[in-house]
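As structure tokens, the structure follows; a few thoughts come after it.
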Amino acid sequence: MEAKTSPEFFKAASFCALSEEDYDALGISGEGNVLVRTEFGEIVVSAKKDEGLPPGVIFIPMGPWANAVVGRKTGGCGTPQFKGEKVEVERTKMPVMEIRELFADMKKQGGDRS
Amino acid sequence: MIIEGGIVYDPINGVLGEEMDVSIEDGRVVEESRDGEKIDARGMLVLPGGVDAHAHIAGAKVNTGRIMRPEDGRRGTEARTKLLRPSTGYTVPNCYAIGYRYARLGYTTAFEAATPILEARHTHEELEEIPIVDKGALTLFGNNWEVLECVRDGDLDKLAAFLAWGLRASRGYGVKVVNPGGGEAWGYGGNVKGIDDPVPNFDVTAREIIRYLMRANEALRLPHSVHLHTNNLGKPGNYETTLATLRAVEDIASSRDRQVLHVTHMQFSAYGGTGWRDFESKAPEIADYFNRHEQFTMDMGQLIFGSATTMTADAPLEYGNARLLKAKWSNHDIELEESSGVVPLVYGRKNPINAIQWAIGLELALLTEDPWQMIMTTDHPNGGPFVNYPEVVALLMSRAKREEELATLHDLASKRSSLPSIEREMDWNDIAIVTRAGPARILGLAEKGHLGVGADGDVSIYDINPEKVDPSKEHEEVKAALAGAKYAIKGGEVVVRDGEVVAVPQGRTYWVDASVPEDAAARVKADLVEKFAKYYSIQMSNYMVQDAYVTRPRVIRAGVI
Amino acid sequence: MIIEDVLCPFCGCLCDDIKVEVEEGRIVGVKRACRLGSSKIRGHERIRAPMVRRDGELFETTYDEAYDRAARILKGAKRPLLYGWCSTVCETAKKGILLAEVVGGVIDSTATVCHGPSIIGIEEKGLSGSTLGQVKNRADLIIFWGANPVEAHPRHTMRYSSNSTGMFTPEGRRGRKVIVVDVRKTRTAKNADKFILIRPGTDYEVISALRMIVKGKGDLIPETVAGVDKADLEETAGMMKAAKFGSILFGLGMTHSRGRYKNVDNALSLVADLNGFTKFVVMAMRGHYNVAGFGQVCAWETGYPMAVDLSRGAPYFNPGETAACDLLGRRETDAMMVVAADPASNFPRETVEAMAEIPVIQVDPFPNPTTFLADVVIPTAVCGIEAEGTAYRMDGLSLRMKKVIDSGLPTDEEVVENILDRVRRLADDN
């Protein structure tokens, strides 16, 4: 999808799908958010039940929310390990950041030295 | 421009080592040039620009070779200069290296041996990026569903109309046939065992496919004959298939002043024995047949020891190679049309099979009496990269060199071939024929391969004096001189000087536009409309190669009308 | 006016049967495209004008100034990275490679965060493949491995695979078996005859087990492999060998997981093994519509398909060292030009943070997170809608994309050419 700043993209890329068991175990009721954490970072995403997922596996679509918890190392092959990283998930009341918020304050001043 | 005082070999015009001037104006050879650049070629060998009639230099399988062989890319790496883009690769050079290296050898025309129609756009994208040389591509037809159906139905007119359409769709120059029928059988992992083995689902044989394609080719009066890669290529004992194929078409007459069939890289099709243990050369038998049948021509397909990348539309052969050699293997089948494979390998001097194969290529060239029936090639990069052409020339011209080489090889090269007993040494006239005049004639390129008035101003000047140097003894000098032209001239422009590229004009792309009667064309179109609707994975309107991909065309007209 | 046989500029399917209705120079209707392609063709928010960043804010400017700034950034950089190229045509790539040569930079495509591992796998083992039409006409077994075409390549199954009909496959879906291997039961899996759930990061072991069974060494395999029952594996291997024409179409599940290119290497090897028994092909489900095209152009121009370091004037290829994420990860690049891609969204955040420290030039029709980090932003025409050019489908087939409307904007190719021009003039001035 190329309309990255659109509400559709926000809906499509800022959620985390969990198995029914995991969803229930986390005590999420109705529409809730989860905080997903790895050694590389953490991110708040909205939670969804997905019966296709086995317990212990979560799915976040490719995009800047998912990438908040992906590490930079490529293991000598040029490609980071986007999938299969071990994560911790907990229920949270924190809101999901909009796409602009995700990148706010990231750009360092004086990036263009020309 | 006037090239002064060189020792010129121009066999098409009967010039055999005469000291003379060659004048070029507006890109063409003229009687006499008024003024312009003067090139002092005194004491030097002057030949028409080289013509490579068969090499795999552009298109999907070449690029597959590059992508799967980064280790090849690292060989032959040359940094960019003000004038030149970077070069990489040895067996699968990048586009720029191909153009520069041909030019340094004094070659000014090179033809891609095989392009499928569906992926011809890719072939042309690469050809466009090859600098300097004039070029063209031969279009694959031997496993195409429309061809097989026309052959099955005995419809020669429709077949001819399809060839015309296919050449236009692919902007191709001629009719290429590779392992006819076998490529279609490979669609389900099979092959054909010989020219009378029926193709599954189509109920035609290779014999019929080849005959019909040749007859259609002649009906269209195409400049080149059918260009054939035989069935059973690479298999011990396949010389029988080769001879059977030739006998099967002996009765077909050429419609033009040229051969009626060109068999390519014959080395791979001249094998005796029943397996690898009793593998032996049958080059004498093949050469003997050619000596008695002047309507056929061939090219060598000479092996060069070291790294090579086999790439061919003979996909089952490549699968076989990969299994035998436990090598990495790429395969690409093209819907309704063809299949192909790419397998890297190394030819070893002490490998008995490779040693015999090496001998066979040379035997074929030396035992075929008429050099006009022979083109020197290595089937680049299957036998070896074209940068090794000077090595092959030196071997053809020097028995001593051949003996030196044989001494370093597995002794089966001497025992299973007749090469040690061959005394013949080609002279410069022969070499001019097998590297320039012959391929030009065989391809039907009227302005190439010679230096008569009206010819393209493509000239190679080598710093070797044919009157003073004995190629038989001083083969090292021959090889060194041919490896870097003193001058290479393309269309009257100096592109190489002292072995270095000094200009990078863009060459032109030959393709053939053949006309056919409207009703035959309409019948073909109806078939194609149905095939696109039901079987192809793309729309018919997006199929043909568009003008944007052939920016400097040289169109040759042909056809029934 | 309806324009027929338009190519869709979205995914690796490169569907070429789209009908676009144009009225008064605007697109008013799109037929046959999936929702992803249709959305792109109909259009959405665009970058309105060139912009440059001053004091942390982006301000609109002229193309002239934007080209100038971009050229200065690239010329002044010691190790510039020219990245992206997946959603533009081959003609742009050609200019990009030349620009990378001239500035002595590294050129890389989105392949290195997508199917780069597939390329490396091919370098190890080669790939036994075919055009999509062969799958359509012959395949009676389709295996999607770590790929979810229902979501990512919506028309694939209808046009080319599971649900397509062809010369030897007149029954379409009924005449085929479809197997899906994935870490979750996707929508694609729901339409399969057999679904194999594997644990994340276990593709390699599962493939190895299949290879062993295929080659008659199944008795050495334990009762479960990575949580998959041996019986399931034996059934799958049996289906593979019994097929007349089998195919494995694999996606990012294989290339992004632990093992990366080794997973692909093993899959390619499995298919090579299977060719000893029956006809089998394998294909990478390329994501963007022309990431394959960049790889082709780069290979024929430099010898290598991605991650090419041109800083010494001669191409040097070493993914793990010269890929975009490697350079940024080591903070080794001091300027980045992004053409037709969105690394800010698609790179790991740590890597994006490195991007945020350096000057970034963006050439794209659409605003995206990379815009948030860019110092120079240059809007262009959308290839395949507002500009012609060549693209390569996931199976390596090249087609020409059409222009159906005018945009008044320069093409990606023209922009790269203009920047190249300025760079050369800066060099002459020195």
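The values are calculated or read from the model by the stated rules, or taken from the named source; none is laboratory data. Note that the structure is predicted; figures quoted are calculated from it, not measured. So basically every Cβ, Gly included, is an ideal-geometry build from the backbone, and we count neighbours across all protein chains shown. Calculation scope for accessible area: heavy atoms of the full protein, side chains included, ligands and nucleic acids excluded. Shrake-Rupley method; radii C 1.70, N 1.55, O 1.52, S 1.80 Å.
See the values below:
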item	result
Residue under evaluation B:A113, criteria (1) open to solvent by 10 Å² or more (accessible area, probe 1.4 Å); (2) under 18 Å from the mean Cα position of the chain (by Cα), criterion not met	(1)
Residue within region B:86-105 that is part of a loop (DSSP other than H, G, I, E, B), open to solvent by 10 Å² or more (accessible area, probe 1.4 Å), closer than 17 Å to C:E123 by Cβ and in contact with a helix residue (DSSP H, G or I) (Cβ under 7 Å, 6 or more places away or on another chain) present	yes
Subset of region B:296-308 [in a loop (DSSP other than H, G, I, E, B) and open to solvent by 10 Å² or more (accessible area, probe 1.4 Å)]	B:I304, B:F305
Residue in region C:209-250 that is most open to solvent (accessible area, probe 1.4 Å), counting only those that are touching a Gly at 6+ places or on another chain (Cβ under 7 Å) and more than 24 Å from C:P149 (Cβ to Cβ)	C:E234
Hits in region C:251-260 (condition: open to solvent by 10 Å² or more (accessible area, probe 1.4 Å) and in a helix (DSSP H, G or I))	C:L252, C:G253
Answer from B:H262, B:H229 - the residue that is crowded, with 21+ Cβ neighbours inside 10 Å, more than 29 Å from C:G129 (Cβ to Cβ) and at pLDDT 95 or above	B:H262
Sole exception among (1) away from chain A (no Cβ under 11 Å); (2) open to solvent by less than 10 Å² (accessible area, probe 1.4 Å); (3) within 30 Å of B:G65 (Cα to Cα) for C:A381, by number	(3)
Residue match in region B:132-141 (condition: away from chain C (no Cβ under 14 Å), under 18 Å from B:E518 (Cα atoms) and out of contact with any Gly (no Cβ under 6 Å at 6 or more places or on another chain))	no
Hey, A:V57 touching a residue at least 24 places away in the same chain (Cβ under 8 Å), buried (at least 20 other Cβ atoms within 10 Å of the Cβ) and either within 14 Å of another protein chain (Cβ to nearest Cβ) or more than 14 Å from the chain's Cα centre (by Cα) (or both) or not	no
Close pairs from region B:65-88: first within 7 Å of another protein chain (Cβ to nearest Cβ), partner open to solvent by 20 Å² or more (accessible area, probe 1.4 Å) and among the hydroxyl-bearing types (S, T, Y), Cβ under 6 Å, at least 6 apart	B:T88/B:T77
Yes/no for B:R258 being among the basic types (K, R) and over 20 Å from the mean Cα position of the chain (by Cα)	no
Selection count where residues are part of a loop (DSSP other than H, G, I, E, B) and among the hydroxyl-bearing types (S, T, Y), scope region A:25-81	3
Conditions (1) outside the structural domain of C:T236 (by TED's automatic domain parsing); (2) under 26 Å from C:F245 (Cβ atoms); (3) of a type in the set (S, T, Y): number failed by C:T302	(2)
Residues (farther than 30 Å from C:L397 by Cβ and assigned to a strand (DSSP E or B)) located in region C:29-66	C:M51, C:V52, C:R53, C:R54, C:E57, C:L58, C:F59, C:E60
Residue count, region B:61-83 (criterion: aliphatic (A, V, I, L, M) and open to solvent by less than 20 Å² (accessible area, probe 1.4 Å))	2
Count of region B:528-551 residues which are closer than 17 Å to B:E125 by Cβ, β-branched (V, I, T) and loosely packed, with under 15 Cβ neighbours inside 10 Å	1
Enumerated helices (runs of 4 or more DSSP H) restricted to region B:178-295, each holding at least 1 residues that are over 28 Å from B:E369 (Cβ atoms)	B:182-185, B:206-219
All positions within region C:130-149 that are buried (at least 24 other Cβ atoms within 10 Å of the Cβ) and either in a helix (DSSP H, G or I) or within 14 Å of chain B (Cβ to nearest Cβ) (or both)	C:S130, C:T131, C:L132, C:G133, C:Q134, C:V135, C:K136, C:N137, C:A139, C:P149
Residue, surrounded by the most Cβ atoms within 10 Å (Cβ to Cβ), within region C:345-359, restricted to residues that are over 10 Å from A:K107 (Cα atoms) and touching a residue at least 12 places away in the same chain (Cβ under 8 Å)	C:F347
Leading residue by the ranking (nearest to C:V225 (Cα to Cα)) among those in region C:150-201 that are aromatic (F, W, Y) and either out of contact with any strand residue (DSSP E or B) (no Cβ under 8 Å at 6 or more places or on another chain) or part of a loop (DSSP other than H, G, I, E, B) (or both)	C:Y160
Count - residues of region C:261-309 that are farther than 24 Å from C:K215 by Cα, assigned to a loop (DSSP other than H, G, I, E, B), in contact (Cβ under 8 Å) with a residue 24 or more places away in the chain and at the interface with another protein chain (Cβ under 7 Å from one of its Cβ atoms)	2
Counted residues, region B:309-355 - those being assigned to a strand (DSSP E or B) and either within 13 Å of another protein chain (Cβ to nearest Cβ) or within 15 Å of B:L233 (Cβ to Cβ) (or both)	17
Any hit, region B:340-350, residues being of a type in the set (A, V, I, L, M) and crowded, with 21+ Cβ neighbours inside 10 Å	yes
